[in-house]
1. Looking at region 84-113, which of its residues are over 30 Å from Val239 (Cβ atoms) and not β-branched (Val, Ile, Thr)?
2. Name every residue in region 282-291 that is at pLDDT 95 or above and exposed (fewer than 15 other Cβ atoms within 10 Å of the Cβ), in order of residue number.
3. Could you check, for region 144-159, whether at least one of its residues is surrounded by fewer than 15 Cβ atoms within 10 Å (Cβ to Cβ), acidic (Asp, Glu) and more than 15 Å from the ligand (Cβ to nearest atom)?
4. From the residues in region 249-278 that are within 15 Å of the ligand (Cβ to nearest atom) and small (Gly, Ala, Ser), which one is surrounded by the fewest Cβ atoms within 10 Å (Cβ to Cβ)?
5. Need a quick list: helices (runs of 4 or more DSSP H) entirely within region 1-100 having at least 3 residues that are more than 16 Å from the ligand (Cβ to nearest atom) and over 28 Å from Ala126 (Cβ atoms).
6. Yes or no: region 234-247 includes at least one residue that is polar (S, T, N, Q) and surrounded by fewer than 13 Cβ atoms within 10 Å (Cβ to Cβ).
7. Test of understanding: among Gly276, Gly248, which residue is closer than 25 Å to Leu94 by Cβ, in contact (Cβ under 8 Å) with a residue 24 or more places away in the chain and in contact with a Leu (Cβ under 8 Å, 6 or more places away or on another chain)?
8. Kindly indicate which of Gly219, Gly173, Gly207 is surrounded by fewer than 17 Cβ atoms within 10 Å (Cβ to Cβ) and either at positive phi or modelled with pLDDT under 95 (or both).
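The values are calculated or read from the model by the stated rules, or taken from the named source; none is laboratory data. Please read all numbers here as calculations on a predicted model, not as lab measurements. Every residue, glycine among them, receives a Cβ derived from its backbone with ideal geometry; neighbour counts consider all protein chains shown.
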Amino acid sequence: MNISVIGAGQMGNGIAHVFAQNGHQVTLIDIAQAGLDKGLSTIGKNLDRQVAKGVLTEAQKQETLARIATNTDLSAGVKQAELVVEAATENVDLKLKIFKDLDTNAPKGCILATNTSSISITRIAASTVRPDQVIGMHFMNPVPVMKLVEIIRGYDTSDAVTKTVVDLSTAIGKVPVTVNDYAGFVANRILMPMINEAIETLFQGVGGVAEIDSIMKLGMAHPMGPLQLADFIGLDTCVAILRVLHEGLGNPKYAPCPLLVQMVTAGKLGAKAGEGFYQYTAGNKDLVVAPAFR
Ligand code: CAA
């Protein structure tokens, strides 16, 4: 299949990686060449891990990379697409604009999927004249590792489009799970209140960063504690998702904790910014609690 992926960031490069590894022709699209170069370099490093483990051969790695073209021009990059997966920043105005552009430029039968983690698929679909061909395809981070693809049907999404996307997800080694379109869907409707409550627990001084994460890792068998996971996802993304839940479901329990909002205002966005609840230095795999919480 000919697949275009919009956005070469954390999620977009992982999505491009998995499609290309499974034999699909991918065009990775981003506004700046520097973003595309960084995305390709991340894909190369993640493929190297698979080669080192013996999951892929060096030749398969090179074939995978050869299946990925790049483009800084959205209209040119989607001209041949049978499927587009949008993985831009979690910002509703940006997504509405991208989908309007996709509707104009992608071929008539092309399926338009979004990797949004919380924004209404029905709302995104309404910015196109093909709402039956718009669907949510929510991958989890790190995309090459996590099995789930949360498939979200908008109000008008057709059965045929849902089946194509479900079958494709299975064919690339993922497990698709189909749900309906309400704010946060299922994954983030449950995950974000847990993360927000962990931050509230820290804010109230019930426990420290290490204590809260240890309890959830050792007591509930989570691979990462909720504060480390928030850093991994990005604290700005967590706030954006909580605001969608708060606005979309109208319940004050979804309001982001003031500490989380404050950290985002201060630019402490988690791992990608070098600091969140933990401090991150290149090459160091040990978890170091950030100075503000020591
Ligand atoms: N690409 C390819 N392989 C990767 C990878 C990547 N980006 N990151 C890790 N891996 C591989 C490693 O090579 C390793 O493979 P083996 O076990 O076969 O050797 C395996 O994954 C484990 O990695 P590590 O040993 O480096 O580290 P770890 O054991 O601590 O696992 C983790 C890392 C997989 C990220 C694990 O900590 C984990 O599962 N964390 C929770 C992740 C999670 O909850 N993700 C969902 C976030 S929510 C979301 O994405 C949606 C949203 O809308 C917010």
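1. Of everything in region 84-113, those that are over 30 Å from Val239 (Cβ atoms) and not β-branched (Val, Ile, Thr) turn out to be Asn105, Ala106, Pro107, Lys108, Gly109, Cys110.
2. Those that are at pLDDT 95 or above and exposed (fewer than 15 other Cβ atoms within 10 Å of the Cβ): Val288, Pro291.
3. yes
4. Ala271
5. Details: elements: 10-21, 33-52, 58-66, 74-77.
Qualifying helices (runs of 4 or more DSSP H): 33-52, 58-66.
6. The initial filter retains those residues of region 234-247 that are polar (S, T, N, Q), namely 237.
Next, only the ones that are surrounded by fewer than 13 Cβ atoms within 10 Å (Cβ to Cβ) stay: none.
The answer is no; no qualifying residue exists.
7. Within the list Gly276, Gly248, the selection yields Gly276.
8. When all the criteria are applied, what remains is Gly173.
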